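The values are calculated or read from the model by the stated rules, or taken from the named source; none is laboratory data. Since the model is a prediction, treat every value here as computed from it, not as a measurement. Cβ placement follows ideal geometry from the backbone for every residue including glycine, while neighbour counts extend to all protein chains displayed.
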Amino acid sequence: MNTVSERTPQLQTKLPAVGTTIFSVMSSLAAENNAVNLGQGFPDFECDPTLVGAVTDAMTRGLNQYPPMPGVPVLRQAVAAKLLKLHGRSYNANTEITVTAGATQAIITAILAVVHPGDEVIVLEPCYDSYVPNIELAGGVVVRVPLVPGTFRPDFDKISAAMTSKTRAILVNSPHNPSATVWTQADMLKLQDLLAPTDVLLISDEVYEHMVFDADKGRIHQSAARFAGLAARAFIVSSFGKTYHVTGWKVGYVAAPAALMAEFRKVHQFNVFTVNTPVQYGLASYMANEQAYLGLPAFYQRKRDLFRAGLANTRFKMLPSEGSYFQCVDISDVSDLNEADFCKWLTTDMGVAAIPLSAFYGSGFDQRVVRFCFAKKDDTLHAALARLAGL
């Protein structure tokens, strides 16, 4: 009788640097210690029941089979109308808008569509943790350029110095995760001038577009769609999950010129093909309520202010929170521990989970700063602040 081998063939990993993420580590630690989890960036409150009703209605009407590959027309039309109204840029819903399975899929699809082996892609650190693996999976070369430590503003001299004849794209994220900074009109104009004489593409991660605070100070979201020279070379990425408090639905969209979108869709059709049908119809219906996103800055600014008022009673030094739903703090006056160890201590001993900013740098650069998420119920924030009061 022959013995069947149960040997699993050995693989050469495509992502040797990727292991268990700090987000998984901290969430597990938070659960083990019954800590208030202000680490991962998602709400702990429900979405508008009207949105759930719109999706349910689509299901009961039988809208449950495959939709068109780029997304249902009515949703793409609603997105195009919103972009025109908010940013003054006209996108063709048929050829320049694609609905995606969340922003993370949108970003890797854009990268796979345009990055060839050996192409260089600039990322501005600290950055969202999917950017670098996405580039590596495409065979691209990651070129890391730091945002200015402390302020997290773009350093255009360093960006310019990093650009070569091999540069294929640059990834920009505003409002920014993790630092909560927002690019200004002047920043976007500088980027436009820098890219103008090149063929470098822009991947503009704008998932927190409706979370920009202090409008009374003139701060607004400066989408790449507002700048003709950027829009002409940009994949603009957004997230319905972030905007409507339904991160688990994993639905987003991309807007790009037709020539770029044609390449994007070549990849999109083979890595996800299309996106949940009834959710698309539900979102399209719900988008008629413009206040659901126009009211978001005030909604989250109130939570930011509540959280900052509580942190003012601690020894944390608060960094500005201009947008997104994150608040970064300098821990120098609280502890001598490094960021990662401090976050573990904060979770186990103080019962509040946070994320070290060093996790967003390839080098693990430690500047004694950690990130909290305030996209939580008021009761959750009060509970966390009560525990942090000991600091």
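Quick look at the numbers
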{"quantity": "Failed item, numbered, when A162 is tested on (1) crowded, with 21+ Cβ neighbours inside 10 Å; (2) within 19 Å of A196 (Cβ to Cβ)", "calculated": "(1)"}
{"quantity": "Failed item in (1) more than 30 Å from F342 (Cα to Cα); (2) touching a Ser or Thr at 6+ places or on another chain (Cβ under 8 Å); (3) not acidic (D, E), with R7 passing the rest", "calculated": "(2)"}
{"quantity": "Only one of V237, V267, V272 that is assigned by TED's automatic domain parsing to the domain that holds I108, modelled with pLDDT of 95 or more and buried (at least 23 other Cβ atoms within 10 Å of the Cβ)", "calculated": "V237"}
{"quantity": "Qualifying residue in region 151-166 (condition: assigned by TED's automatic domain parsing to the domain that holds F264, of a type in the set (D, E, K, R) and either part of a helix (DSSP H, G or I) or modelled with pLDDT under 95 (or both))", "calculated": "yes"}
{"quantity": "Total residues in region 196-228, condition in a helix (DSSP H, G or I), surrounded by fewer than 17 Cβ atoms within 10 Å (Cβ to Cβ) and of a type in the set (G, A, S)", "calculated": "2"}
{"quantity": "Residues of region 250-263 satisfying the condition of being part of a helix (DSSP H, G or I) and surrounded by fewer than 22 Cβ atoms within 10 Å (Cβ to Cβ)", "calculated": "A258, A259, L260, A262, E263"}
{"quantity": "Residue pairs meeting the criteria (Cβ under 7 Å; at least 6 apart or on separate chains; first in contact (Cβ under 8 Å) with a residue 60 or more places away in the chain, in region 58-72; second basic (K, R))", "calculated": "M69/R265; P70/R76; P70/R265"}
{"quantity": "Output for region 338-378, where each listed residue is touching a Phe, Trp or Tyr at 6+ places or on another chain (Cβ under 6 Å) and either among the basic types (K, R) or more than 29 Å from H245 (Cβ to Cβ) (or both)", "calculated": "R371, K377"}
{"quantity": "Any chance R304 is in contact with a strand residue (DSSP E or B) (Cβ under 9 Å, 6 or more places away or on another chain), charged (D, E, K, R), outside the structural domain of T151 (by TED's automatic domain parsing) and part of a helix (DSSP H, G or I)", "calculated": "yes"}
{"quantity": "Residues (surrounded by 10 or more Cβ atoms within 10 Å (Cβ to Cβ) and either touching a His at 6+ places or on another chain (Cβ under 8 Å) or at pLDDT below 85 (or both)) located in region 1-23", "calculated": "T21, I22, F23"}
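Table: residues versus (1) buried (at least 24 other Cβ atoms within 10 Å of the Cβ); (2) assigned to a strand (DSSP E or B); (3) at pLDDT 95 or above; (4) not acidic (D, E).
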{"site": "T98", "(1), (2), (3), (4)": "yes, yes, yes, yes"}
{"site": "Q105", "(1), (2), (3), (4)": "no, no, yes, yes"}
{"site": "I111", "(1), (2), (3), (4)": "yes, no, yes, yes"}
{"site": "L124", "(1), (2), (3), (4)": "no, yes, yes, yes"}
